[in-house]
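The values are calculated or read from the model by the stated rules, or taken from the named source; none is laboratory data. Only a predicted model underlies this, so the values are computations on that prediction, with no experimental measurement involved. Every residue, glycine among them, receives a Cβ derived from its backbone with ideal geometry; neighbour counts consider all protein chains shown. With ligands, DNA and RNA removed, areas are computed over all heavy atoms of the protein, side chains included. Shrake-Rupley method; radii C 1.70, N 1.55, O 1.52, S 1.80 Å.
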Amino acid sequence: QVQLVESGGGLVQPGGSLRLSCVVSGSLLSIYSMDWYRQAPGKQRELVAGITNNFRTNYADSAKGRFTISRDNAKNTVYLQMNSLKPEDTAVYYCNIHNSDAWGQGTQVTVSS
């Protein structure tokens with residue numbers, strides 16, 4: 001059974017940076033396209049960024065120019081580097097195997113002064 005475990009969230013001031021990690025176990029990351037989603041309180045879960053198994057990336061407009069998704073297949077890990085964070089980036093961030101029901105437990109990101 002495939003499992004996803006996110007980490008790297010925390011409290012950061014506006015303008016700060018965080019790097020989220022998602023470790024995939026139970027299967028080889030290299031065969032999957034992967035996505036990062038987020039869900040803020042009272043809002044629907046939304047796609048933040050995606051990366052295909054051949055390393056093509058896509059971003060939500062809110063993430064373009066500030067966030068970078070990457071993957072290290074040797075480490076079975078997907079990353080989300082988040083720079084220039086804003087209070088509106090506050091949410092629980094989840095990684096997901098593209099078009100699947102495989103989700104991690106999420107990691108909380110809070111951007112506040």
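Here are the numbers:
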quantity	calculated
Excluding exposed DSSP-loop trypsin sites (Lys or Arg not before Pro) (at most 16 other C-beta within 10 Å), longest clean stretch of the chain	67-113
The chain: relative contact order as a whole-number percent, Cα under 8 Å and 6+ apart	37 percent
Hits among aspartates and glutamates - C-alpha to C-alpha of LYS43 under 20 Å, sequence gap 8 or more where chains match	ASP35, ASP61, GLU88, ASP89, ASP101
Proximal lysines to LYS86, defined as alpha-carbon separation beneath 16 angstrom and excluding residues fewer than eight positions away on the same chain	LYS64
In nm, spacing of pseudo-spin labels at TRP103 and SER62 (7 Å Cα→C-beta vector)	1.6 nm
By accessible area with a 1.4 Å probe, ligands and nucleic acids excluded, highest first: order of GLU88, GLU46, GLU6	GLU88, GLU46, GLU6
Estimated vicinal HN-Hα couplings, Hz - segment 72-77 in sequence order (Karplus 6.51, -1.76, 1.60; Gly, Pro = x)	10, 5, 5, 9, 6, 10
Over 16 Å [Cα-Cα, the chain], rounded percent	54 percent
